[in-house]
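First up is the structure itself, then whatever we jot down about it.
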Amino acid sequence: MNAVPTPVVLSVVVFVALMTAGRWVLVDETATDRLINRTFSWNLLGLLLYEVTVAVGRPEFGPRLYLGCGLLALGSFYGLARLVDGADAATVHLRQRRYDATAVAAVVSLIVATPILRWAWQLDYVEIVWTMSALPGGLCGLLFARACVRELRARGVSIREKLTFAVLLAFATYWLISMTIMVGRALTGTPPSQPGKVWAVAAVLTFSAVTLLTMIPLVTALLARTGLDRTGRDCRRLRPLWRDLTAVVPEVVLAEDGSAPREATSRLYRMTVEIWDALLHLRPYVPALPEAGSPAGRDDARRSALQVALAVRAKRDGDTPTPGSMAAGTAHGETRDRAAEFRFLLELARVWPEAVAAVGYRSDTARFSTIAAVSR
């Protein structure tokens, strides 16, 4: 590690720290996510402790602390490799406890046995354990490589997924080669803690590249949280239409489950269901309203938007609905193209402001702020 300039190491530490903190907050739903986060957390702690020992003038403790955190990271990484390779996800916690216990036992042996063996037989136990860690490390590389090859050969895998697995395969190959070289160098007298500048810089660069790869889910989660992903944009496009319809037909607003997370996908689904239900309730006021399965042509959307605006105005003005028209045009029993319905709603929402202006009423949302907050 001392072959890498301190500013470079600190830059990587800051970069990885920000990514890891973001993943713990936003990407922590599955066992795979948590194992990735744990692996990066232990590696990050090892880098920090190593730099601290150098800064306080006790560099002899650096390799021991770095290796101890590395072994704990290896326990999580091995569990991740087994899971990616197809191990039973239902027993992941039981397996991981065994891997963690093994890693903790190795760390305890570093603390206890290192000074004893050095005093009694002049053995550097840290370097021995470091070399032996290449065995489970190399096995991780093999498991990852096998899983990546299997996914690359599978049918129905998207180009984006194939690219991701190709990058992971390259990383697994590098990891396996580096483990093999580390063992070979150790057998010829070069300790693993002194890999040389070339391999040390390569390790830091690879670590940074893998960090970039694992940032993809974090960026996706950030976009979803801020509403900048496609689902969030669709919600914003539908909101004016949804707001006006649920304002005049508040009974269509679904009861909210406070224990469920407010994800954009579920919010979008609620909005589409509530819009179609509101259109059904408004049909008695203008029987020519659009129904589920309507065509998504631009002229059809404009004509439908105008009819919806007339129905909303009639309902708000207290007009009497047309008798017997409620049952007309319900398509819930028919085969429906959900994608076409959704495209129609988006087109309807696009021309909705024009229809409102043409009918000559102003959206009065202040009175219905409570209703609008339900699916916010």
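The values are calculated or read from the model by the stated rules, or taken from the named source; none is laboratory data. This one's a predicted model, so the numbers in the text were calculated from it and none came from an experiment. Heads up, the Cβs are rebuilt from the backbone with ideal geometry, glycines too, and the neighbour counts pull from every protein chain shown. Remember, those area values only see protein heavy atoms, side chains included, never the ligands or the DNA or RNA. Shrake-Rupley method; radii C 1.70, N 1.55, O 1.52, S 1.80 Å.
Of the numbered criteria (1) part of a loop (DSSP other than H, G, I, E, B); (2) free of Cβ contacts under 8 Å to residues at least 12 places away in the same chain; (3) open to solvent by 50 Å² or more (accessible area, probe 1.4 Å), the one Ala87 fails is (3). Within segment 175-198, the set of residues being in a helix (DSSP H, G or I) and over 20 Å from Ala145 (Cβ atoms) comprises Arg185, Ala186, Leu187, Lys197, Val198. If you check Val9, Val14 for being part of a helix (DSSP H, G or I), of a type in the set (A, V, I, L, M, F, W, C) and open to solvent by 20 Å² or more (accessible area, probe 1.4 Å), only one passes: Val14. Entry remark, segment 43-58: residues being open to solvent by 60 Å² or more (accessible area, probe 1.4 Å) and under 24 Å from Met19 (Cβ atoms) number 5 in total. Checking segment 27-37 against the condition returns no match, with no residue being farther than 23 Å from Val84 by Cβ and open to solvent by 70 Å² or more (accessible area, probe 1.4 Å).
A quick yes/no check of all residues on (1) out of contact with any Leu (no Cβ under 8 Å at 6 or more places or on another chain); (2) in contact (Cβ under 8 Å) with a residue 12 or more places away in the chain; (3) surrounded by fewer than 14 Cβ atoms within 10 Å (Cβ to Cβ):
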{"site": "Trp119", "(1), (2), (3)": "yes, no, yes"}
{"site": "Leu142", "(1), (2), (3)": "no, yes, no"}
{"site": "Glu161", "(1), (2), (3)": "yes, no, yes"}
{"site": "Val167", "(1), (2), (3)": "no, yes, no"}
{"site": "Ala203", "(1), (2), (3)": "yes, yes, no"}
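Those helices (runs of 4 or more DSSP H) of segment 280-376 in which 3 or more residues are of a type in the set (Lys, Arg) and modelled with pLDDT of 60 or more occupy 298-316, 338-359. Only residues that are open to solvent by 50 Å² or more (accessible area, probe 1.4 Å) and in contact (Cβ under 8 Å) with a residue 24 or more places away in the chain were counted in segment 217-232, giving 3.
Quick grid of which residues meet (1) of a type in the set (Asp, Glu); (2) part of a helix (DSSP H, G or I); (3) out of contact with any Cys (no Cβ under 7 Å at 6 or more places or on another chain); (4) touching a residue at least 12 places away in the same chain (Cβ under 8 Å):
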residue: Leu47; (1), (2), (3), (4): no, yes, yes, yes
residue: Phe61; (1), (2), (3), (4): no, yes, yes, no
residue: Cys69; (1), (2), (3), (4): no, yes, yes, yes
residue: Gly79; (1), (2), (3), (4): no, yes, yes, yes
residue: Arg82; (1), (2), (3), (4): no, yes, yes, yes
residue: Thr91; (1), (2), (3), (4): no, yes, yes, no
residue: Thr114; (1), (2), (3), (4): no, yes, yes, yes
residue: Glu127; (1), (2), (3), (4): yes, yes, yes, yes
residue: Thr131; (1), (2), (3), (4): no, yes, yes, yes
